[in-house]
Amino acid sequence: MQKSPTPQPAAALDSRQLDLPLFAEPAVPTPPSSSPVSPSSTPSTPSPPKPDALRAPDGTKLRSLTLGSQTLHYVLKRSARRSIGFAIDSTGLTITAPRWVTLADIETAITEKQRWIFTKLNEWQNRVEQRALPRIDWKDGAQVPYLGRPVSVMLAASHRALTFDAARAALALPLPPHADPQQIKDRVQGWLQGEATRIFGERLTIYAEKLGVSYRAYALSSAATRWGSCSSDGKIRLNWRLIHFPLSIIDYVVAHELAHLREMNHSPRFWETVESIFPEFREARQTLKHHPPELLPTL
C-alpha cells in the first residue's frame, strides 16, 4: 500500500457535482407580468444573520436575500473562476463567484437572474414532489428495485430463512401473510444493505486492481445527497442505495472514488483516470444526474 499523501479534504461524488454545471450566463425566460420585482430593481439588503441560520444538507450555512415578497436562500462558494456561476439542483441554489467579487455584485447578479432562479427552483421542487410521492406499500407482492430491475417481495411463513430467487426476481421472507409493514421493510432493507456490502466490495477489488491502487477500508453510507466519498488516507464510503441501480452505475461510482486515490480533485487528469478503468463513465454520470439519492424509492 502506498504511503498516504498529506491529508486533504475528502473528495465526494454528490448530487450537486452530478447535476447542473456552473455557468455564467444562463438563459432567462420571459418574466411573467405578475412578478413582484423588476429585473432592474436595486438589490435588497440581505436579511441579518440569525443564530439558528438555515444550513444546506452538507452543513454549509445558507445566505439569504429578500427579493420583493420572496426570500431566496443560497450557498455561496468562492473559487478562482472568472465569472459568477449559478447551479440549481434538488438541494437549492449554489452560487460560485471569484474571490475578488463583492457581495453587492453577487446580489446584483442574483437580482438580474431572479426570474430564471425561481423558475428553476420551482421546477426542481415539482420534480422532487412528483418523484417522491410513490411509496412502497410493505406487504406481500411489494416491489423494490435491485440492480436495475424490480424484485417482488413474497411472504412465506413456511420458509425458515430469507431466500432470493434471481431467475424469478423474487425475495421470499420467512414472515406470516399479515406481517407488520415495518417488519417487512426492515427485512428487505437489511437484505439490500447486505447485498450492497457484498457487491460493492467485489467491484472495489476489481477496479482497484485495474487502477493499481489500494484502499484502506470501505463502508456503506446513508447520505441524503452524496453517492460516495474518498478520503486522502484511503477510506471509501459508498451509498448503500446504489444497490437499486444497474451494475454499470455502481461500477462508475466505484471507479470514481478509487480514481481519487490518484487525484483528489475533479481535474481533467482525474476524469482521464476514471476513463482509463471505466470508459463508459459519461453515460453513467448522465444517468445519476437525473437520480439524486433523495429521488430514489421511499424505503
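One table, with the values for the structure above:
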read-out	value
Gyration tensor verdict on the range 76-232 (Cα atoms; rounded if a/c is under 1.5, prolate if a/b is larger than b/c, oblate otherwise)	oblate
Table column - 3J(HN,Hα) (Hz), the range 208-221, Karplus curve with 6.51, -1.76, 1.60, x for Gly and Pro	5, 5, 4, 8, x, 10, 10, 9, 6, 6, 9, 8, 7, 10
Amide proton proximity set for Val151, modelled H, under 5 Å, gap of 5+	Val144, Tyr146
Euclidean distance of C-alpha centroids, the range 146-168 and the range 83-97, integer Å	43
5 angstrom amide H check on Phe245, placed H, neighbours 5+ away	Leu147, Gly148
Under Karplus coefficients 6.51, -1.76 and 1.60, residue-wise ³J(HN,Hα) of the range 198-207 in Hz, glycine/proline x	5, 5, 4, x, 5, 6, 4, 4, 4, 7
Simple label model, 7 Å out from Cα along Cβ direction - Thr205 to Asp165, nm	3.0
Relative packing of peptides 60-70, 252-262 - highest average C-beta neighbours within 10 Å first	252-262, 60-70
3J(HN,Hα) from dihedral phi, the range 162-170, Karplus parametrisation 6.51/-1.76/1.60, rounded to Hz, x for glycine, proline	5, 9, 10, 9, 5, 5, 8, 6, 10
Residues with amide H under 5 Å from that of Leu93, placed H, sequence gap 5 or more	Val75
Förster radius 25 Å - calculated FRET efficiency between Ala104 and Thr60 (Cβ-Cβ, nearest 0.05)	0.70
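FYI, it's all coordinate maths here, none of it is from the lab. These figures come from a predicted structure and were not determined experimentally. Every residue, glycine among them, receives a Cβ derived from its backbone with ideal geometry; neighbour counts consider all protein chains shown.
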